[in-house]
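The structure appears below as structure tokens.
The values are calculated or read from the model by the stated rules, or taken from the named source; none is laboratory data. Because the structure is predicted, anything quoted here is derived from the model rather than measured. Cβ coordinates were reconstructed from backbone atoms using ideal geometry, including for glycine residues, and neighbour counts include every protein chain displayed. With ligands, DNA and RNA removed, areas are computed over all heavy atoms of the protein, side chains included. Shrake-Rupley method; radii C 1.70, N 1.55, O 1.52, S 1.80 Å.
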Amino acid sequence: MDWQTLEKQCMACTCCGLCRTRTNVVFGVGNREADIMFVGEGPGEQEDLQGVPFVGPAGKLLDDMLSIIDLDRTCCYIANIVKCRPPRNRDPQEDEQDACFGYLKEQIELVRPKIIVCLGRIAAQRLIRPDFRITREHGAWFQGGQVWLTAIYHPSALLRDLSKRPETFDDLLQIRDRLAVLREMGEKEPS
Ligand code: URA
């Protein structure tokens with residue numbers, strides 16, 4: 001599938017009940033050839049209104065987190081597990097995640113990142129392992145075929161609980177270092 005077809009299908013999606021309460025589908029944003037992809041759980045109020053992921057308070061913090069590791073939205077791709085806002089920002093239900101997951105899978109296949117960073121438990125449980133424990137396993141690395149996966153605390157959790165920030169800072173530095181190594185290895189690959 002190409003980007004245009006995928007985005008068109010996603011924007012018109014009625015595969016789960018979230019389509020009835022959404023203002024906008026929040027497809028994804030950033031560089032479609034990025035080496036690194038960030039995946040959140042689902043749009044909040046501002047994202048629903050603007051149709052862009054991570055533009056509310058958690059998004060501002062995510063931008064700061066990216067800048068710590070010399071990234072911005074022009075050099076990474078940002079998406080969510082579900083593309084439509086769950087009412088009152090509740091967790092997306094299993095059936096809603098199932099209905100939406102195909103879009104993210106296609107996005108991952110099109111971007112072909114070297115690293116996927118799961119933002120919070122919901123994304124980690126979907127992309128890494130169903131019983132993933134974010135408190136114990138944030139910052140750990142998992143290989144999934146050609147891609148390395150890790151999870152960090154969701155920016156919303158970091159807004160609520162400042163004590164989680166130092167650990168996240170360490171996780172971010174690990175991400176920066178691994179990305180540098182993977183990029184260097186990529187450059188050495190024969191073309
Ligand atoms: N939280 C998310 O998980 N995703 C967004 O796009 C915004 C807030």
THR168 being in contact with a helix residue (DSSP H, G or I) (Cβ under 7 Å, 6 or more places away or on another chain) and in contact (Cβ under 8 Å) with a residue 40 or more places away in the chain: yes
Can you tell me which condition ALA140 does not meet? The list is (1) farther than 25 Å from LYS60 by Cα; (2) surrounded by fewer than 20 Cβ atoms within 10 Å (Cβ to Cβ), and all the others hold. (1)
Could you grab me the full set of residues in the range 54-65 that are open to solvent by less than 20 Å² (accessible area, probe 1.4 Å) and free of Cβ contacts under 8 Å to residues at least 24 places away in the same chain? GLY56
Taking the range 59-82 and keeping only residues that are within 15 Å of LEU179 (Cβ to Cβ), out of contact with any Gly (no Cβ under 7 Å at 6 or more places or on another chain) and not polar (S, T, N, Q), one is left with MET65, LEU66, ILE68, ILE69, ASP70, LEU71, ASP72, CYS75
Give the residue, chosen from ILE116, ILE134, ILE128, ILE122, that is open to solvent by less than 70 Å² (accessible area, probe 1.4 Å), under 20 Å from ASP70 (Cβ atoms) and touching a residue at least 12 places away in the same chain (Cβ under 8 Å). ILE116
Take the residues of the range 106-117 that are among the aliphatic types (A, V, I, L, M) and more than 16 Å from the ligand (Cβ to nearest atom): which is farthest from ALA58 (Cα to Cα)? LEU110
When the range 118-158 is examined, which residues are found to be assigned to a helix (DSSP H, G or I) and within 16 Å of the ligand (Cβ to nearest atom)? ARG121, ILE122, ALA123, ALA124, GLN125, ARG126, LEU127, ILE134, PRO155, SER156, ALA157, LEU158
